[in-house]
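Q: One structure follows; several queries about it will come next.
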Ligand code: PMP
């Protein structure tokens, strides 16, 4: 299989050197937090796939929900005002569990499509409400918002721009609230004030009449798990309101219990104008995402009578009935199945395990909220000096972790990311941190 994989299957963004260091991996099965590869090697998955398998592998009731829906009605287009029961029930459910400002749901195939849809809805909204000049978008450095041209442009990570004319002329960035490496990082209030000032300054520079929206993740994921201080999201939300721009929260990673509550917005008391989500919505079992919006935004773009939910955007697999049936069952597992509560209980073990590794000679920073966390490796703790990129240290750690039966993520700049399933037990946390410590010690030796 490995030879055919190398010959024909294109893999996203991962360098082959990772594969060389670790050896080929064809994953063959999963149960709970555990994966088995083709050689029978058992792995503890501390990254929930790609921060998505929040309910763990092998949930039989999810398989059943998908199978039943496939048998009954595998496909229904949302075009021509057709609909399916799971899609309708899911929309109703999402409105119930998200902040009260969000009342309308557009179902997509994943996060990138949800972000694209949000941008298209926003532009349509301003066009329809007589302010067509509002077309500029502001996002955060180190933000990640997807792999389409629009999403990659909102993403402020150079690897996603290289070779393309990105960001688009309508896309602009302000500094990330990266406490560990920000001049105001030691003082949470100063850091918040600095982000608010940066947003105001950027809107002033572009002209308030030209700025459509500010996009952010409540905690930046792919940029290295950057956890802003409590109160940051709310302050940015208020600033956006004062500046008369829409506030879009990208909860693709942070949603569905990843940071504790169902959505990170909830803990911050934030009501966004739009929200994007994916990953934990179907927990990776089938692809699905969603773009949600307020009644105000929807009313601006709705085609015809308010009850005729229709917008100028769509795709073949929008509101896919099997995706929706799976999402409904996954949501039931978070709530009635107790998985959300289990994740909240696990957060203390997760935090304690990461923080204990601050004593390790390689670890400069430990940051986390809920079950989303990272360790940042430095060559000198006092100066926070990064390791030379040429060392490929985090790739070596990733490969060593795999040999020790642990899966997590290595970011290029020597940040290790962790996002265990919400089903992790105390014993699994103990195994995770024992394997991680062993891995760091081996790489140091
Ligand atoms: N937004 C955020 C915050 C994400 O983390 C991601 C995926 N990592 C996306 C959007 C894009 O989602 P997808 O990969 O499902 O297209």
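All of the numbers you see were taken from the coordinates with simple rules; none came from a lab. Everything numeric in this text was worked out from a predicted model, so none of it was measured. Cβ sites come from the backbone with ideal geometry, for glycine too, and all protein chains shown count toward neighbours.
Q: Springs between alpha-carbon atoms under 10 Å, Gaussian network over the chain: tell me which of 322, 95, 18 tops the mean-square fluctuations.
A: 18
Q: Could you check the spin-label model distance between residue 181 and residue 2? Points 7 Å from the Cα along Cα→Cβ, value in nm.
A: Modelled inter-label distance: 3.4 nm.
Q: A further question follows. Rounded, prolate or oblate: pick one for the range 230-354, where a ≥ b ≥ c are the square roots of the eigenvalues of its C-alpha gyration tensor, a/c under 1.5 means rounded, and failing that, prolate if a/b is larger than b/c, else oblate.
A: oblate
Q: What residue among 394, 139, 29 has the largest mean-square fluctuation in a Gaussian network model of the chain, using Cα springs under 10 Å?
A: Of 394, 139, 29, the most mobile in the Gaussian network model is 29.
Q: Would you mind computing, in nm to one decimal, how far apart the modelled labels at residue 92 and residue 131 are, each placed 7 Å from Cα along Cα→Cβ?
A: 3.4
Q: Using the beta-carbon distance between residue 14 and residue 299 and R0 = 41 Å, what value does 1/(1 + (r/R0)^6) give for FRET efficiency, to the nearest 0.05?
A: The formula returns an efficiency of 0.40 here.
Q: On to the next question. Is the range 237-282 rounded, prolate or oblate when judged by the Cα gyration tensor, a ≥ b ≥ c being the square roots of its eigenvalues, rounded requiring a/c under 1.5 and prolate requiring a/b larger than b/c?
A: Because a/c hits 1.5 or more and a/b fails to exceed b/c, the range 237-282 counts as oblate.
Q: Any chance you could check the Cα centroid distance between the range 364-437 and the range 312-355 for me, in angstrom?
A: 23
Q: Also, quick follow-up: I'd like the antiparallel share, as a percent to the nearest 5, of DSSP beta bridges with both residues in the chain.
A: 65
Q: Compute the Cα gyration tensor for the range 14-148, then decide on rounded, prolate or oblate, letting a ≥ b ≥ c be the square roots of its eigenvalues: rounded whenever a/c is under 1.5, prolate when a/b is larger than b/c in the other cases, and oblate in all that remain.
A: oblate
Q: How far apart, in nanometres, would the label points at residue 345 and residue 159 be if each is projected 7 angstrom from Cα along the Cα-to-Cβ direction?
A: 3.7
Q: Note the full-extension length gain between residue 209 and residue 197 as 0.36 nm times their separation in residues minus their Cα-Cα distance, in nm to one decimal.
A: Gain on extension, residue 209 to residue 197, equals 2.5 nm.
Q: Let me ask something else. Which residue fluctuates most in the GNM of the chain (Cα springs below 10 Å): 46, 183, 240?
A: Maximum among the listed residues: 183.
Q: Taking only the C-alpha atoms, wrap a convex hull around the range 63-335 and report its volume per residue in Å³ as a whole number.
A: 124
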